[in-house]
Amino acid sequence: QLRVFAKQKQLKEWKGRSPSSKPAEAALQYQQWLTDMAEVVGEFSNVQVTPDQIGVAGKQPYVAVHFTLKADATLAQVRLFLFRFFQTDLMHSITQLDLVSTVTTGNPKLAVTMKFEALSLNGAPARSPLLFARTEVAEDWTDPTKPLSVRHAKGFPAKAPFLVRVGKHFFEVAEATGNSWTLAPDANSVSGGKGRAVSLLADEVVELVPVHPEFSKRTIADFDPILKRNPFIKPVPYAPKLE
């Protein structure tokens, strides 16, 4: 009985991480989110996200929706995309990743092809038309020492801290009182919390970023080996090491 209860609890957690329980709706939600992650966060160029045909569910407890992404990006942009992808608490994975360089010098842009799989579980909680909760900035936010005002907080956690995204910028909501949020720069954001503070304008979209439990303490620095072992930089640095 204890094992059954543990499995039931795990299934409930998986359903909470699933896109919509309706496969067609889940595909639309995931395609929109994936495109945003590539174009806005990763800053890929020539992005094309194509869904595969959705299979028939039958009596299966889930339906897998598949996508192919093609774009051009540097290895640093791919690294950022991978971190934010795996940081997001969703029932999804990358099933294939191809990087092709057509240039033999410098640090070139790569032809990127990725294949994705997301699971739409039966009985998953209903979501809004979008994958994650969204609101808008109520008024210009230029002073990081003052709270940010948002139009509403529907769908967002009642208690802080939690992570949000505005465009390519990520912030941790350190305190939340109704529609008034105290923001702290996310250490893994593009700005890295350094340099000039980011200003937000009224009507900009604020999206919730649910963080996978395994990534609550991880940082983008964990993905540094991707850059340090970059095989596409020509000429390859020659640095032999005696061990």
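A few comments on the model shown:
- Cβ-Cβ FRET estimate between Asp222 and Gln8, R0 fixed at 22 Å, reported to 0.05: 0.10
- Of Leu119, Phe83, Thr95, farthest towards positive along the dipole that unit charges on Lys, Arg, Asp, Glu beta carbons give the range 81-219: Thr95
- Three-way shape label, the range 57-187, alpha-carbon gyration tensor, a/c 1.5: oblate
- Reachable lysines, given that their alpha-carbon falls under 28 Å from the alpha-carbon of Lys146 and they are not under 8 places away in the same chain: Lys154, Lys159, Lys168, Lys194, Lys217
- Protein heavy-atom surface of the range 1-107, 1.4 angstrom probe: 54% of the accessible area is carbon and sulfur, with nucleic acids and ligands not counted.
- Entries in Lys109/Lys228; Lys109/Lys234; Lys70/Lys228 that, when Cα-Cα distance is taken, lie over 20 Å: Lys70/Lys228
- For the chain, a simple Cβ point-charge model (Lys and Arg +1, Asp and Glu -1, everything else neutral) yields a dipole of about 820 debye relative to the Cα centre.
- For the chain, averaging the sequence separation of C-alpha pairs within contact (under 8 Å, six or more residues apart) and dividing by the residue count gives a relative contact order of 20 percent.
- Rh (Kirkwood; distinct C-alpha pairs) - the chain, Å: 19.8 Å
- In a fully extended conformation the segment linking Ser149 and Ser199 would gain 16.7 nm over its present Cα-Cα distance, using 0.36 nm per residue.
- Relative contact order [Cα under 8 Å, 6+ residues apart], the range 13-112, whole percent: 26 percent
- Kirkwood estimate for the range 70-111, i.e. one over the average of 1/r between Cα atoms, Å: 11.7 Å
The values are calculated or read from the model by the stated rules, or taken from the named source; none is laboratory data. From a predicted model like this one, the values you see are computed outputs, not experimental measurements. Note: ideal-geometry Cβ built from the backbone for every residue, glycine included; neighbour counts use all protein chains shown. Accessible surface is based on the protein model in full, side chains and every heavy atom, while ligands, DNA and RNA are left aside. Shrake-Rupley method; radii C 1.70, N 1.55, O 1.52, S 1.80 Å.
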